[in-house]
Amino acid sequence: MKPKERQAYILEKVRQEKSATVEELSKIFSVSVQSIRKDINFLCEEGLLRRTYGGVEMALQKDNISYDSRKIIHFDEKKIIAKLIAKQIPNNSSLFFSIGTTPEIIAKELINHKNLKIFTNNINVALVCCENSSFEVTLHGGLLRNKHRDIVGNDIENFFSSYRVDFGIYGVGAIEEDGSLLDFTQEECQAREAISKSSKKIFLVADYSKFGRNAYIRSGNISNVDSIFCDKKPPKNICKLLEKNRVEINYENE
């Protein structure tokens, strides 16, 4: 495992378990204590972790981790989601894609479809879709966020609300126990809300780690989507909420 990949997994482990020791991480990744300390030094310098006695904990974050790190974490789970959702998108469809790594992986899974119309503020999604000459791609213009590979701006709502598409596909920063959807910035929430209003069907994509994960801005609820796509069955309380609101649940059977 390359240092960059290991650092991404260290970050996600600490996020899930709140803290970790150097010795514990050394055993988990089968590398020397010195290697783990180098990883920790880098993550602390980036402001992602902070040191405690004998280990590390999450730094106070107002932002998500970088796109490259998120792309590594839970890649296999995101691939499962992409395969599930690709089966439900017919040729000649129109789609919104939100920001995030899972939408990019879904776009790659759709690359052999025909005549899709794509509207997005996700640069990587746009680049992937351009590989198919039958696709028509419309990319939102505005402020480029280098860290997240997306484009945001005050007119993001106007961009998505200018169209009416068959499928709106978006991820989310986190999902609370009551089904509330959380993100890290107001722009992310605004884009998601605009996609919801202008899509005939709303598809939420979320790997299992999003349940109980921390984010800070609440906007919308899982009960308001048409379908959710996960790598495995969501928690029981979430399933009850989805069933009550007749939201279709898609996941890979074990």
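The values are calculated or read from the model by the stated rules, or taken from the named source; none is laboratory data. Here the structure is a predicted model, which is why all the values come from computation and not from measurement. We place every Cβ from the backbone using ideal geometry, glycine too, and count neighbours over all the protein chains shown.
Quick notes
- Some residue of the stretch 181-189 being closer than 23 Å to residue 116 by Cβ and surrounded by 20 or more Cβ atoms within 10 Å (Cβ to Cβ): no
- Consider the stretch 46-95 and keep the residues that are modelled with pLDDT of 85 or more and of a type in the set (D, E, K, R). The one that is surrounded by the fewest Cβ atoms within 10 Å (Cβ to Cβ) is 87.
- Strands (runs of 3 or more DSSP E) (entirely within the stretch 156-254) containing at least 2 residues that are within 19 Å of residue 93 (Cα to Cα) and in the same structural domain as residue 137 (by TED's automatic domain parsing): 165-170, 199-205, 227-229
- Any hit, the stretch 202-217, residues being at pLDDT 85 or above and over 23 Å from residue 85 (Cα atoms): yes
- Residue match in the stretch 96-108 (condition: within 30 Å of residue 169 (Cβ to Cβ), of a type in the set (Gly, Ala, Ser), surrounded by 14 or more Cβ atoms within 10 Å (Cβ to Cβ) and modelled with pLDDT under 90): yes
- Looking across the stretch 5-36, the residues that are surrounded by 14 or more Cβ atoms within 10 Å (Cβ to Cβ) and basic (Lys, Arg) come down to 6, 13, 15.
- Of all the criteria given as (1) touching a strand residue (DSSP E or B) at 6+ places or on another chain (Cβ under 8 Å); (2) on the phi > 0 side of the Ramachandran plot; (3) exposed (fewer than 14 other Cβ atoms within 10 Å of the Cβ), the one not satisfied by residue 142 is (3).
- Residues in the stretch 102-117 that are without any contact (Cβ under 8 Å) to a residue 60 or more places away in the chain and closer than 21 Å to residue 231 by Cα: 104, 105, 107, 108, 109, 110, 111.
- Qualifying residue in the stretch 181-189 (condition: within 20 Å of residue 248 (Cβ to Cβ), under 16 Å from the mean Cα position of the chain (by Cα) and of a type in the set (Val, Ile, Thr)): no
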